[in-house]
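Below is one structure, written out as structure tokens; the observations come after it.
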Amino acid sequence: MLRPESAADAAFRHEVRDWLAAHVPEALRHKTFRPLPVEGMPWYRALSQRGWIAPHWPRTHGGMGASPVQQVILMEEMARAGTPDFPTQGLNHIGPMLIARGTPAQQQRHLGPILAGDAIWCQGYSEPGAGSDLASLRTRAEVRGDTLVINGHKIWTTWGHHADWMFALVRTASSGKPQHGITFVLIDMKTPGIRRRPIRTIAGDEEFAEVFLDEVVVPLENVVGEIDKGWQVATAVLSEERLRIGAPAQALRALERLRMMLRATPAERLPPGVHEAVALAEVEVETLVAAYLEAAEATEQGLAADSSYLKLLATDTVHRLLELVRQVAGPAAALRDATRHGADLLDATEMFLQARRLGIYGGSSEVQRNIIATRVLGLPVAGAKP
Ligand SMILES: Cc1cc2nc3c(=O)[nH]c(=O)nc-3n(C[C@H](O)[C@H](O)[C@H](O)COP(=O)(O)OP(=O)(O)OC[C@H]3O[C@@H](n4cnc5c(N)ncnc54)[C@H](O)[C@@H]3O)c2cc1C
């Protein structure tokens, strides 16, 4: 941490550090796999009871209302303490969206269970034929009376097989631009007609799933915003998602892994130039922290943050750090399992593989570059006629 800190923020850091030292379960500390809900949710609930599960949510909706600096302090101390990571579709995607755009009844029903860890959410955007080109999605929904009847197929749904609820994009009309006729809806995963099949990732875990929807009946009151006008809601969620993926949490965890690997490696086995590379990596993490602080402050003030740039920066920083971990590990990088070294848990490969996802979900890095090129820099769209 290279930044100066106010007395209040320093006191907050100590409070967090002491509490984490006493409360992070030993079995989860510096775990290389993201834990399954059965292992990870007790930790989620412990954080919730301490009041620290939703730093970025306003106090009026049960959040911590933490300043961006305090948010970063929490991330830094959690990385240091090796707290487990978990998917955050409830906390970072649907929660903030319902706070901004949900009806009072939707807020009342869903925000409490998200905070308490009583409801796990998943995101039903991607389909076999609709990823980067999300607006081409084909899961259909028909209005019948005061319900929507949904038929279709979602894929790459993180924790889709564990979730209690899904927020999904469905097609309710197919005339006009593809972005028109998309509706944003909340689906209770216990509804008859839903089938889920886990998919194994490159890292060997089963974090995501396919979800098949066959005549799934959902009350119209579960629509967020208006029928056919869900695209704006969907892109607002994506923007928030990119801001949160762009937070330095993952980079700080990767930096911690790098420090562990350095502590465990005898000086004579370190690759040449590694100290300079590590110093540079630390500066890159601080650059990311600064960019996040700026974006989070802009968001707090209701200004548009450049979340595509932030996501790209976070992804590239994490990838560089984990590449460095592998260089320091040398031949040991070929070992798949984490190994203990005193209090440290050494892992060169698991996190490297898991981090590939950062450049794909929430919109791939190529797509973020396109957005920056066209919407931020005003460059012409590739392939478009002049
Ligand atoms: C770990 C993980 C978790 C995920 N979780 C979820 C989830 O919970 N819910 C959900 O809905 N989805 C989820 N996804 C899906 C994710 O959003 C999509 O994988 C992503 O949007 C890319 O879509 P695609 O896989 O169909 O690839 P494609 O869109 O087919 O892209 C293939 C390749 O082409 C490139 N490409 C595509 N279009 C362009 C372009 N215009 N210009 C330049 N390059 C381009 C892409 O960058 C990529 O490299 C997850 C994905 C991963 C890896």
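Annotations for the structure displayed:
- Residues of region 317-365 that are under 19 Å from Ile245 (Cα atoms) and without any contact (Cβ under 8 Å) to a residue 12 or more places away in the chain: Ile360 alone.
- Residues that are free of Cβ contacts under 8 Å to residues at least 60 places away in the same chain, under 30 Å from Gln107 (Cα atoms) and among the acidic types (Asp, Glu), drawn from region 220-277: Glu226, Asp228
- Residue match in region 314-327 (condition: crowded, with 21+ Cβ neighbours inside 10 Å, under 25 Å from Glu127 (Cα atoms) and modelled with pLDDT of 90 or more): yes
- Residue match in region 184-198 (condition: at pLDDT 95 or above, of a type in the set (S, T, N, Q) and buried (at least 20 other Cβ atoms within 10 Å of the Cβ)): no
- Listed by first and then second residue, the pairs linking a residue in region 59-80 that is under 27 Å from Arg257 (Cβ atoms) to a residue that is part of a helix (DSSP H, G or I) and of a type in the set (Lys, Arg), with Cβ atoms under 6 Å apart and 6 or more places separating them unless they lie on different chains, are Ile73/Arg13; Glu77/Arg17; Ala79/Arg253.
- Checked against (1) more than 16 Å from the ligand (Cβ to nearest atom); (2) closer than 29 Å to Met351 by Cβ; (3) not aromatic (Phe, Trp, Tyr), Gly124 meets all criteria but (1).
- Enumeration of residues in region 168-184 that are of a type in the set (Ser, Thr, Tyr) and assigned to a loop (DSSP other than H, G, I, E, B): Thr172, Ser174, Ser175
- Val211 crowded, with 18+ Cβ neighbours inside 10 Å, β-branched (Val, Ile, Thr), within 16 Å of the ligand (Cβ to nearest atom) and outside any loop (DSSP other than H, G, I, E, B): yes
Listed here are the residues, each with its yes/no results for (1) among the charged types (D, E, K, R); (2) within 26 Å of Met166 (Cβ to Cβ); (3) out of contact with any Cys (no Cβ under 7 Å at 6 or more places or on another chain).
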{"site": "Arg17", "(1), (2), (3)": "yes, no, yes"}
{"site": "Ala22", "(1), (2), (3)": "no, no, yes"}
{"site": "Pro25", "(1), (2), (3)": "no, no, yes"}
{"site": "Arg29", "(1), (2), (3)": "yes, no, yes"}
{"site": "Pro42", "(1), (2), (3)": "no, yes, yes"}
{"site": "Pro87", "(1), (2), (3)": "no, yes, yes"}
{"site": "Met97", "(1), (2), (3)": "no, yes, yes"}
{"site": "Asp118", "(1), (2), (3)": "yes, yes, yes"}
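- Filter result (without any contact (Cβ under 8 Å) to a residue 24 or more places away in the chain, near the ligand (Cβ under 10 Å from one of its atoms) and surrounded by fewer than 18 Cβ atoms within 10 Å (Cβ to Cβ)) within region 129-160: Gly129, Asp133
- Test: Pro87 is buried (at least 21 other Cβ atoms within 10 Å of the Cβ), at pLDDT below 95 and closer than 30 Å to Glu350 by Cβ: yes
- Residue match in region 262-283 (condition: touching a Ser or Thr at 6+ places or on another chain (Cβ under 9 Å) and of a type in the set (Ser, Thr, Tyr)): no
- Residue match in region 249-263 (condition: part of a helix (DSSP H, G or I), assigned by TED's automatic domain parsing to the domain that holds Arg140 and over 21 Å from the mean Cα position of the chain (by Cα)): no
- Scope region 161-192; condition within 16 Å of the ligand (Cβ to nearest atom) and acidic (Asp, Glu); matching residues: Asp164
The values are calculated or read from the model by the stated rules, or taken from the named source; none is laboratory data. Remember, predicted model here, so these are calculated numbers, not experimental data. Glycine also receives a Cβ, built like all others from the backbone with ideal geometry; neighbour counts cover every protein chain displayed.
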